[in-house]
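The structure appears below as structure tokens.
The values are calculated or read from the model by the stated rules, or taken from the named source; none is laboratory data. Quantities reported herein were computed from a predicted structural model and do not represent experimental measurements. All Cβ positions, even for glycine, are placed from backbone atoms using ideal geometry, and neighbour counts span all protein chains on display.
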């Protein structure tokens, strides 16, 4: 049914101008006055201009007398034909009257007084307010809403949703040193999901990591954190997963973990050793004294459903989090080892690599929108904001922030001190080091010579904690593969940093990352080519 | 292939550019279930503007990545009624966009309002100069909407676009050295003006010396990071010069993709379908009511999408084309000067003059933005036209949008052969020391300049191509030459080494081989009289009242300013009346003829 344009054939009556196939370059030259190909007049044109100017200046009649002023009785002037001089023709009066002619109204004379529209436009609709979960649900619908909120607070989707089309149907892969784990289907499908589970079985799995069949879950499921969750919250979560989520008949992929690590019984041992009982966990978090109810609420969200420590607390040899609450000492949330090549930084009060310089309001905004004047979320944290924290109420986010601000620095650091040297060098136009050149050619357009970026759209590199962590995985990773900051409810714009893996060599990235980590007052160890090569290899393998 | 009919929706919006995105957003806010159809593919700043691959002149400005694919569909062009029109097979004179964002993704970002006189030009000319001042054959018309009525919507568009500019008056009080000819404003620009580049600074000084009134051009290039009322965020312009023809990697140039779609996509009652080429608007048996649209999808299926409201928001001439293909309104007949669809087709009357500065002055043409410095002393009716006997005018400006390497070499001012070391030397000299001043003028509507369906040529979908009959007319040629004459006063103050004045020549026809502007206008214009306009003052079809046609097609004549600011304001204006009146009524005409 497709019709195509008839082939081009010249027609006898066709006029020559439109759509030529092969424009005559000479003809084009003569006519090319477009902005793309602005061509200056050739000598003969200038000669013509001057000659015509001379002729016209010799014309005695003043231009104003050539045509009657005013509207009444005015005839349309005759067409200026080629070569005919008319009063309007610029070639006719090189000594054109200067502005300020009596006939020219002054701008202010024609200025209308005030713009007043009889119409009041409808208000523009900005970002929609975040839904507030019912505090004391009574109906099933209200329990579902509360559960939906808790599922966001617990960031269930980050691990259990692989595509937006199949929420909570599982199969998100986790590449671990021991092999690959696949998250399970937690939709209410009775065969493939958790539809057949009782509330008691559900609660036990979430808080204690024990499946209905008695097997222990891999601790990728953060049940040592969820153990702290209240009975009310668990009930809401159960009602939500049973009644607020679509069942998906998708089988979970088998975990690719080799024997003997595939055996489940060591996990049980692990659980006995490292996972707290729900009673103990709730006592540790909920019955601890706090200066304010806000901090208490924040502690519950961070240590409990938010399971921030799953990434931001270092793990021991057995993959156990070295601390589960603020009470467990300064290792809690002091920064974890890289996950998928992204390094979770410290959330404690360190001045250069932690949140020491961030205000509670900035932390709140970061969790809500993924972006602040001090930095933007990327990698794993973008996922956490995208699936989780953006949906929390501002009060809850502020509570989390106020609690995080109570965590003292795990190590004392000198405060970040801005240093203009790198900026001056980059702006000097003089002889630059290779790192400076690479930065100018690849990064400075958005992050600027000053490293200040244009926050919140382009985050600063100067003084940004994630740039200055001891270990450089995140910086190298984002240079290699780029990252997207998703839009959120309150900040719908997504921003993507492109990857430079195909543009820069390992050596160049090492030099560039070392420059960034040491410029503008940043003070972090240099990056080796070897570490870039290893990370590139890991990322390539993961992608394959 | 499987043809099918989909479940009905409340509104279908044809085109995912500025007009379509604004209309879809407004209708979604009103609670309507909206489907937006885009014949091109998906586009985003993240992908199409990924730095540094996006700043590729060959891909962007030579191979026209973001533009309409003329191999599938184009227009035919002729200068006069007695000629055979031929297809426009190679992009040159005008560059319509394709894909999500439309021309709004590849535009430069010059963002003007309209002059009050331009919106009621016929009435204004008659009041000031008398009826006989209008030449025979000119279809001079009013928009049917006033500046005061549109002001809140101009303001809204600027806030959504994150427009940088310098106001002259706000609420009747002078607030700064903006354009003194500009009409009053209810609020300032959301962002301060972009800084003058060096050449704009030269022009500002020279224009001041000549006694004119230079001002910073309003630009939808953010001068600072900006968050618009939808919550959409923009980075600031860094003057890289990759605006026109490119997706801005800084997210600094306003586009539907950056400024509206992030918020629009969050509406659950919104969906966007790409590779959906709308073939026609479907009408019921009375021909007075649209029932939806039929489009061809990427697989070649013909899909019928029923809808209660149809918004045509494609590019100017595509809107006219769809009206003609669908039988909405009466096609224009130039012989009798009757009928409205295709009538008052206009363009923009731009010529470019180039100044070569002494070797001691580097013009740094690689720098660019949508900003610049302009004078309005010869725009619109800001000067007495009485002695000159033409209607219309031109702003004059230095709008340095960044000259890239290929354009720089192609446009170099050289003499003799265009190759070899002598040419190279001249080309380098020219690139380093020249700059361009544009006279971007109005273009009036004429009885024998119009759009209709081509009797010969068909597109890839088997539908007749749209035919343009267009030529430059005496009134507009003389206007241009007069304004260029005044430009000499500015150039005199420039200390230039050489200058070439680009201007219209009588007898030299419209030539599609040279890029001019993409500011095509009219063809389905708005107005108060159903005999001379296809649309009423709310951009509603006089003939099919559940069809609204949004775009520069509604301009009765071409103005000196760039059209996007007026298109956006008209879109918000129309949407406002759909929401507050049409949706609350019986779906009938908002204006009784």
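Looking only at residues in the range B:146-173 that are in a loop (DSSP other than H, G, I, E, B) and in contact with a strand residue (DSSP E or B) (Cβ under 7 Å, 6 or more places away or on another chain), the one that is nearest to the other protein chains (Cβ to nearest Cβ) is B:168. Out of all the residues in the range B:25-49, which are away from every other protein chain (no Cβ under 13 Å), under 23 Å from residue B:252 (Cα atoms) and touching a helix residue (DSSP H, G or I) at 6+ places or on another chain (Cβ under 9 Å)? Residue satisfying the conditions is B:43 alone.
Residues in the range B:207-221 that are assigned to a helix (DSSP H, G or I) and either surrounded by fewer than 24 Cβ atoms within 10 Å (Cβ to Cβ) or free of Cβ contacts under 8 Å to residues at least 24 places away in the same chain (or both): B:208, B:209. The single condition from (1) closer than 18 Å to residue A:195 by Cα; (2) crowded, with 17+ Cβ neighbours inside 10 Å; (3) touching a strand residue (DSSP E or B) at 6+ places or on another chain (Cβ under 8 Å) that residue A:216 fails is (1).
The rows are residues; the columns are (1) within 13 Å of chain A (Cβ to nearest Cβ); (2) at pLDDT 95 or above; (3) part of a helix (DSSP H, G or I); (4) within 30 Å of residue B:388 (Cα to Cα).
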site	(1), (2), (3), (4)
B:51	yes, no, no, no
B:54	yes, no, no, no
B:89	yes, yes, no, no
B:100	no, yes, no, no
B:136	yes, yes, no, yes
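Quick check: anything in the range B:1-10 part of a loop (DSSP other than H, G, I, E, B), under 19 Å from residue B:260 (Cα atoms), within 12 Å of chain A (Cβ to nearest Cβ) and touching a strand residue (DSSP E or B) at 6+ places or on another chain (Cβ under 9 Å)? First the steps, then the outcome.
So in the range B:1-10, the residues part of a loop (DSSP other than H, G, I, E, B) come out as B:1-3, B:6-8.
From what's left, under 19 Å from residue B:260 (Cα atoms): none.
Within the range B:1-10, not a single residue is part of a loop (DSSP other than H, G, I, E, B), under 19 Å from residue B:260 (Cα atoms), within 12 Å of chain A (Cβ to nearest Cβ) and touching a strand residue (DSSP E or B) at 6+ places or on another chain (Cβ under 9 Å).
Here the strands (runs of 3 or more DSSP E) wholly within the range B:280-367 that include at least 3 residues being in contact with a helix residue (DSSP H, G or I) (Cβ under 7 Å, 6 or more places away or on another chain) are B:349-356.
Given the structure, is residue B:501 surrounded by 23 or more Cβ atoms within 10 Å (Cβ to Cβ), over 17 Å from residue B:589 (Cα atoms) and either within 14 Å of another protein chain (Cβ to nearest Cβ) or in contact (Cβ under 8 Å) with a residue 60 or more places away in the chain (or both)? Taking the combined requirement at face value, the residue satisfies it.
Name the single residue that is farthest from the other protein chains (Cβ to nearest Cβ) among those in the range B:109-133 being in a helix (DSSP H, G or I) and within 30 Å of residue B:401 (Cβ to Cβ). Among residues in the range B:109-133 that are in a helix (DSSP H, G or I) and within 30 Å of residue B:401 (Cβ to Cβ), the one farthest from the other protein chains (Cβ to nearest Cβ) is B:121.
Can residue A:149 be described as over 23 Å from residue A:324 (Cβ atoms) and outside any loop (DSSP other than H, G, I, E, B)? Working first, answer last.
Details: over 23 Å from residue A:324 (Cβ atoms): yes; outside any loop (DSSP other than H, G, I, E, B): yes.
Yes, satisfied.
Annotation for the range B:524-542: no member residue is within 11 Å of chain A (Cβ to nearest Cβ) and part of a loop (DSSP other than H, G, I, E, B). Is it fair to say residue B:545 is more than 22 Å from residue B:447 (Cβ to Cβ), more than 19 Å from the chain's Cα centre (by Cα) and assigned to a loop (DSSP other than H, G, I, E, B)? Yes. With respect to the conditions (1) on the phi > 0 side of the Ramachandran plot; (2) without any contact (Cβ under 8 Å) to a residue 60 or more places away in the chain; (3) away from chain A (no Cβ under 12 Å), residue B:336 falls short on a single one, namely (1). Set side by side, the residues A:458, A:454 differ, and just one is in the same structural domain as residue A:427 (by TED's automatic domain parsing), in contact with a strand residue (DSSP E or B) (Cβ under 8 Å, 6 or more places away or on another chain), within 27 Å of residue A:428 (Cα to Cα) and surrounded by 18 or more Cβ atoms within 10 Å (Cβ to Cβ), which is A:458. Tell me, which helices (runs of 4 or more DSSP H) wholly within the range A:244-326 include 3 or more residues that are loosely packed, with under 13 Cβ neighbours inside 10 Å? Ranges flagged: A:265-274.
Please verify whether the range B:280-289 includes one or more residues that are crowded, with 19+ Cβ neighbours inside 10 Å and within 23 Å of the chain's Cα centre (by Cα). Among the residues of the range B:280-289, not one is crowded, with 19+ Cβ neighbours inside 10 Å and within 23 Å of the chain's Cα centre (by Cα), which makes the answer no.
Taking every residue in the range A:396-421 that is free of Cβ contacts under 8 Å to residues at least 60 places away in the same chain and pairing it with any residue that is buried (at least 21 other Cβ atoms within 10 Å of the Cβ), at least 6 positions away or on another chain, the pairs with Cβ-Cβ distances below 7 Å are A:397/A:364; A:397/A:367; A:397/A:368; A:397/A:389. Checking each residue in the range B:548-569 for being outside any loop (DSSP other than H, G, I, E, B) and buried (at least 24 other Cβ atoms within 10 Å of the Cβ) picks out B:548, B:549, B:552, B:553, B:554, B:558, B:564, B:566, B:567, B:568, B:569. I want to confirm something. Restricting to the range B:457-475 and keeping residues that are part of a strand (DSSP E or B) and touching a residue at least 40 places away in the same chain (Cβ under 8 Å), which single residue is nearest to the other protein chains (Cβ to nearest Cβ)? Per the stated criteria, the residue is B:457.
In this entry, residue B:403 is excluded by the filter for residues that are under 29 Å from the mean Cα position of the chain (by Cα) and more than 10 Å from chain A (Cβ to nearest Cβ). Restricted to the range A:478-490, and to residues there that are over 26 Å from residue A:420 (Cα atoms) and out of contact with any strand residue (DSSP E or B) (no Cβ under 6 Å at 6 or more places or on another chain), the residue that is farthest from the other protein chains (Cβ to nearest Cβ) is A:480. Screening the candidates B:435, B:390 for the property of being closer than 24 Å to residue B:216 by Cα and not in a helix (DSSP H, G or I) yields one hit, B:435. Take residue B:73 and tell me if it is under 21 Å from the mean Cα position of the chain (by Cα), within 12 Å of chain A (Cβ to nearest Cβ) and crowded, with 19+ Cβ neighbours inside 10 Å. When the stated conditions are applied, residue B:73 passes them.
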